[in-house]
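As structure tokens, the structure follows; a few thoughts come after it.
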Amino acid sequence: QADFVESGGGLVQPGGSLRLSCAASRNIEVAYGMGWYRQAPGNQRELVAAIYTSGTTIYEDIVRGRFTISRDNAKNTVYLQMNDLKIEDTASYYCNKPTRPLSNWGQGTQVTVSS
């Protein structure tokens, strides 16, 4: 059973923006730390952004300055604002804890950047 429901993906042109949402199940508290992962065809799933209990955020170099992770503890939801999207950002995006042990993955949301 999935612990997360991701949404907000879609088709966007290079340079465009999208905002992804991740609603966590009641047994998960996003306040304790969450991450956004992505997986492109043929590649491993990788962590691209995380937010920790303290509010500290980290980003992979390839998205730093373009992506912003945030959370709404009251809604138990995590967001990923993605700006200046590039073709290489095309992937399925998932959320989960930023460190092991991970929870059950959701279905993800597809982001396709294409002209």
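The values are calculated or read from the model by the stated rules, or taken from the named source; none is laboratory data. It should be emphasised that the depicted structure is a prediction, and the values quoted were computed from it without experimental measurement. When we count neighbours, we look across all protein chains shown, and the Cβ atoms used for this are built from the backbone with ideal geometry, even at glycine. What goes into the accessible areas is simple: the full protein's heavy atoms, side chains included, and nothing from ligands, DNA or RNA. Shrake-Rupley method; radii C 1.70, N 1.55, O 1.52, S 1.80 Å.
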Could you check the simple spin-label distance between Thr112 and Asp72, using points 7 Å along Cα→Cβ, in nm with one decimal? 2.8 nm
On average, how much accessible surface per residue is there in the chain, in Å², for a 1.4 Å probe, leaving out ligands, DNA and RNA? 54 Å²
Could you tell me the relative contact order of segment 9-80? Use alpha-carbon pairs under 8 Å, at least six residues apart, and round to a whole percent. 33 percent
Positive end of the charge dipole of the chain (Lys, Arg +1 and Asp, Glu -1 on Cβ, about the Cα centre): tell me which of Ala49, Ala91, Ser21 has its Cα farthest that way. Ser21
Cα-based equivalent ellipsoid, segment 18-115: semi-axes from gyration tensor eigenvalues, Å: 21, 14, 12
How large, in percent, is the carbon and sulfur part of the accessible surface of segment 9-57 at a probe radius of 1.4 Å? 46 percent
To the nearest 20 debye, what charge dipole does the chain have about its Cα centre, counting +1 at the Cβ of each Lys and Arg and -1 at the Cβ of each Asp and Glu? 180 debye
